[in-house]
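Scroll down for the structure; my scribbles are underneath it.
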Amino acid sequence: MTQTIQPVYNFNAGPSALPAAVLEKAQKELINFRGTGMSVMELSHRSKPYEEVHNQVIERLKKLYSIPENYEVLFIQGGASLQFSMVPMNFLQTGKKAGYVMTGVWSEKAFAEAERLGDAYQVASTETDKHNHIPNPNELNYNEDDAYLHITTNNTIYGTQWKDYPDTGNVPLIADMSSDIMSKPIDVSKFALIYAGAQKNLGPSGVTVVIIRKDLLEKANPDNPTILKYATHAKNNSLYHTPPTFGIYMLGEVLGWIEECGGLEAVTQRNEEKAKLIYDVIDNSDGFYRGHAELESRSLMNITFRLADEALEKKFLAEAKDAGFVGLNGHRSVGGCRASAYNAVPVEACKALSEFMIQFQQSNH
């Protein structure tokens, strides 16, 4: 008996939507990967077929982001949450300070880990404004001899996103890009280290991409446990221990999909189009929907909004769920509503949501 599956619009905040074309290709290759007679999940990470996959993913990342030669691309497990600790363990030297810009929950978590491991301080915070905006990058007051400055480029819970990045001169700029990596072109040379969990824009959960400048590797604490040294992963092409091979394979297929879509410029244009469909409904609703983020800080990835009261929000979310919309609940810590329109979320899904929001307002005004 064939089961009928109702199509859904996936707005989950992470793990999030993956491109249908990538899932279909992975399905075809699942049992017999490129003539090996095995699944990619069964290949030895030391085998030539997997090595080709691994190196191709690195090259695709370098090409899409125009990563300079003086950077390493690493694959590390543990998610961005492990990076919260690895960054200060490696680079927050005794006698130095690390500055953190506080724009939401994830920057707060990163800062808390740094405080456990060394001398960290808050350069700026938007907490008093309920994290509804991004600080002016030209007005950040940090020390010129800091070990590094840390930012979170997109804030999934509050729906804010950095549009411009601070020029930190000789102070290494470190960024958690977990929720907007590969959503637009960036100048990698502005950063000493970029890290990102894959499960929002790059692939399934389990892989963390790290892009790190080689000279920073040379300054790292040599006394860390071996597996927690960036240098260990750089020296061994991220093959020091068994990597999450299937996740890396999927990451490569997602990057290939971005190439087929026309590259990051085309992806950016589509992300802007998707976000506009929903923000326009919010802005034209006469206050029925209220966006959380200030206009100039609005995220293209996570669109956060409230309705008049919790009862109406519950009704909205219940009816949206019945209509096939998944993942529109706001984060449990703040409530409200959130539509996460990552790269793989199609324009059609955002158009359908905008139409549903208009219809819901008409029925409940």
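The values are calculated or read from the model by the stated rules, or taken from the named source; none is laboratory data. Predicted model, so just to flag it, every value in this text is computed and none were measured. Cβ placement follows ideal geometry from the backbone for every residue including glycine, while neighbour counts extend to all protein chains displayed.
When the residues of the range 52-109 are filtered to those that are within 18 Å of Lys200 (Cβ to Cβ) and of a type in the set (S, T, N, Q), the one that is surrounded by the most Cβ atoms within 10 Å (Cβ to Cβ) is Thr103.
Assuming Ala311 fulfils every condition listed in (1) of a type in the set (Gly, Ala, Ser); (2) surrounded by fewer than 21 Cβ atoms within 10 Å (Cβ to Cβ); (3) in contact (Cβ under 8 Å) with a residue 12 or more places away in the chain apart from one, which condition is it? (3) is the only condition that Ala311 fails. Hey, among the residues in the range 7-21 that are over 23 Å from Tyr158 (Cα atoms) and assigned to a loop (DSSP other than H, G, I, E, B), which one's modelled with the lowest pLDDT? Ranking the qualifying residues of the range 7-21, first place goes to Pro7. Of everything in the range 345-357 that is buried (at least 16 other Cβ atoms within 10 Å of the Cβ) and out of contact with any strand residue (DSSP E or B) (no Cβ under 8 Å at 6 or more places or on another chain), the residue that is nearest to Val8 (Cα to Cα) is Pro346. Any residue at all in the range 162-178 that's of a type in the set (D, E, K, R), modelled with pLDDT of 95 or more and touching a Ser or Thr at 6+ places or on another chain (Cβ under 8 Å)? Checked the range 162-178: at least one residue is of a type in the set (D, E, K, R), modelled with pLDDT of 95 or more and touching a Ser or Thr at 6+ places or on another chain (Cβ under 8 Å). Residue by residue through the range 89-109, note down the ones that are in contact (Cβ under 8 Å) with a residue 40 or more places away in the chain and either among the hydroxyl-bearing types (Ser, Thr, Tyr) or in contact with a strand residue (DSSP E or B) (Cβ under 6 Å, 6 or more places away or on another chain) (or both). Of everything in the range 89-109, those that are in contact (Cβ under 8 Å) with a residue 40 or more places away in the chain and either among the hydroxyl-bearing types (Ser, Thr, Tyr) or in contact with a strand residue (DSSP E or B) (Cβ under 6 Å, 6 or more places away or on another chain) (or both) turn out to be Phe91, Leu92, Lys97, Ala98, Gly99, Tyr100, Val101, Thr103, Gly104, Trp106, Ser107. Within the range 179-222, the set of residues being in a loop (DSSP other than H, G, I, E, B), surrounded by fewer than 24 Cβ atoms within 10 Å (Cβ to Cβ) and charged (D, E, K, R) comprises Lys184, Asp187, Lys219.
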